[in-house]
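The structure appears below as structure tokens.
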Amino acid sequence: MAKSRRIRAAVIGLGMGRYHATNYAACPEAELVALCDADEDRLRAAAKQFGVKRVYTRIDDLAEDRRVEAVSVALPNFLHAPVSIQMLEAGKHTMCEKPMAMNAREAEEMERAARKSGRLFMMHFNTRFAPASQYLKKVAESGRLGEVYYAKTGWLRRAGIPGAGGWFTTRAKSGGGPLIDLGVHRIDLALWVLGHPRPVAVTGMTYARFGPKLPGQAGDRYDVEDLACGFVRFANGLSMQVEASWASFCERREEMVTVLYGDRGGVEHSNMGEGYDWGVKLFRSEGGRHLVEQVKSFPAPKENAQSHFIHCIQKGRQPMATARHGVYVMKILDALYESARTGREVRLDGN
Ligand SMILES: NC(=O)c1ccc[n+]([C@@H]2O[C@H](COP(=O)([O-])OP(=O)(O)OC[C@H]3O[C@@H](n4cnc5c(N)ncnc54)[C@H](O)[C@@H]3O)[C@@H](O)[C@H]2O)c1
């Protein structure tokens, strides 16, 4: 069989974008051909690191580069929708960083633009590609939990407000605080492993107890939450508790936890210790005894998000993290924020 041609990829935004560039550079089916960042120092350093000659400080110039077939958008959140739409309209397959957009309305515009362009759009929900996440999905789909009727998912950080005073903590540029930044990963993970049940009602609360007290300008330019929590009800009877913080008196530096409770068993997916080592615990009962099985090593997935994106382009397949999945999470985030703002439950329909 003829070997598929390599897909020519580019990355816009070279903070997290360097991770995308690393994975494209390591993917035999991709060729990293261009980079873009308004920050010339970052651009120069990345161009040197990856040996890329085509470099742009202006997004419009990259959009016009016809050599570029696929692009990762790793810009601040407020640029996700306009730049993804611009890239799709320029005929480029587009992968967008999380969160998909500032809100569900923008996300739906992106979904429409992708459909109209006929190009592939993928959400960078990279948590799904981690070995333990894929194991969790297998467990959830195996039937060994019985019917899952309750879930908890969240990411609490003890002291880690990103870029205080910058775009992350400015609502007009980020869309929100830890809920849209960290919660998005854990909500997507839970819903992905549960097969995207339809949400019908959402209640949320947000707090900003630490960010506004940061020293100097950082505190003045802090208008997002530093902790959010909420509760989502689904049409199939499932309910889910959600929590996310950048700063809170939790025990560990990072607490990333998703628990599924079924009527035949339970499963917990979480980081172990302070960092990013993942573990899965399985709970069940046998002969009246409560059994806990801890799994710490997992088969390595064949693809990461970037190689998956490239392979889907080559094969003309839909990626496993679609625009619809992005819209789905944005609707829940919007509802959590709206409920926090109004003090009321928000009803959802038509997901
Ligand atoms: N999936 C993950 O695990 C993960 C991790 C970190 C960040 N992110 C996401 O990645 C995105 C970027 O976050 P970050 O931490 O890299 O932020 P960052 O501020 O470090 O990087 C953003 C880059 O975009 C560039 N930029 C901004 N406006 C530009 C413009 N108009 N034209 C060209 N370049 C421009 C900046 O110069 C900067 O280098 C965010 O949406 C964030 O949520 C995802």
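The values are calculated or read from the model by the stated rules, or taken from the named source; none is laboratory data. Quantities reported herein were computed from a predicted structural model and do not represent experimental measurements. All Cβ positions, glycine included, derive from the backbone under ideal geometry; neighbour counts span all protein chains shown. Keep in mind that these areas ignore ligands, DNA and RNA; they rest on the heavy atoms of the full protein, side chains included. Shrake-Rupley method; radii C 1.70, N 1.55, O 1.52, S 1.80 Å.
If you take the residues in the stretch 84-104 that are out of contact with any strand residue (DSSP E or B) (no Cβ under 7 Å at 6 or more places or on another chain) and under 17 Å from Ala70 (Cα atoms), which one is nearest to the ligand (Cβ to nearest atom)? Filtering first and then ranking leaves Gln86. Looking across the stretch 84-102, the residues that are over 13 Å from Arg119 (Cα atoms) and open to solvent by 10 Å² or more (accessible area, probe 1.4 Å) come down to Glu97, Lys98, Met102. If you go through the stretch 68-83 and pick out every residue that is more than 10 Å from the ligand (Cβ to nearest atom) and of a type outside the set (A, V, I, L, M, F, W, C), you end up with 1.
Within the stretch 241-280, being more than 19 Å from the chain's Cα centre (by Cα) and of a type in the set (A, V, I, L, M) holds for Ala247, Leu260, Val267, Met272, Val280.
Within the stretch 64-84, residues that are within 21 Å of Ala164 (Cβ to Cβ) and assigned by TED's automatic domain parsing to the domain that holds Asp37 sit with their Cβ atoms under 7 Å from residues that are within 11 Å of the ligand (Cβ to nearest atom) and in a strand (DSSP E or B), at 6+ positions apart or across chains, in these pairs: Ala74/Val11; Ala74/Ile12; Ala74/Glu97; Leu75/Ile12. Taking the criterion of being within 16 Å of the ligand (Cβ to nearest atom) and either farther than 21 Å from Ser72 by Cβ or not basic (Lys, Arg) (or both), the residues of the stretch 112-152 that qualify are Phe121, Met122, Met123, His124, Phe125, Asn126, Thr127, Phe129, Ala130, Pro131, Ala132, Ser133. Restricted to the stretch 48-67, and to residues that are in a helix (DSSP H, G or I) and under 23 Å from Ala90 (Cα atoms), which residue is farthest from the ligand (Cβ to nearest atom)? The selected residue is Glu64. Just the residues that are in a strand (DSSP E or B) and out of contact with any Phe, Trp or Tyr (no Cβ under 9 Å at 6 or more places or on another chain), please, taken from the stretch 191-229. Scanning the stretch 191-229 gives Met205, Tyr207. Within the stretch 136-168, the set of residues being crowded, with 17+ Cβ neighbours inside 10 Å, more than 18 Å from the chain's Cα centre (by Cα) and modelled with pLDDT of 95 or more comprises Val139, Ala140, Leu145, Val148, Ala151. Here is a check on your reading of the model: is Ala81 in contact with a helix residue (DSSP H, G or I) (Cβ under 7 Å, 6 or more places away or on another chain), open to solvent by 20 Å² or more (accessible area, probe 1.4 Å) and either basic (Lys, Arg) or assigned to a helix (DSSP H, G or I) (or both)? No; evaluated as a whole, the condition is false for this residue. The lone criterion from (1) touching a residue at least 40 places away in the same chain (Cβ under 8 Å); (2) under 21 Å from Tyr24 (Cα atoms); (3) of a type in the set (Ser, Thr, Tyr) left unmet by Thr94 is number (1). Just a yes or no: is a residue in the stretch 22-35 within 16 Å of the ligand (Cβ to nearest atom) and touching a residue at least 40 places away in the same chain (Cβ under 8 Å)? Yes.
Are any residues in the stretch 298-345 part of a loop (DSSP other than H, G, I, E, B), of a type outside the set (Val, Ile, Thr), open to solvent by 10 Å² or more (accessible area, probe 1.4 Å) and within 26 Å of Met16 (Cα to Cα), and if so, which ones? Correct list: Phe298, Pro299, Ala300, Pro301, Lys302, Glu303, Asn304, Arg317, Gln318, Met320.
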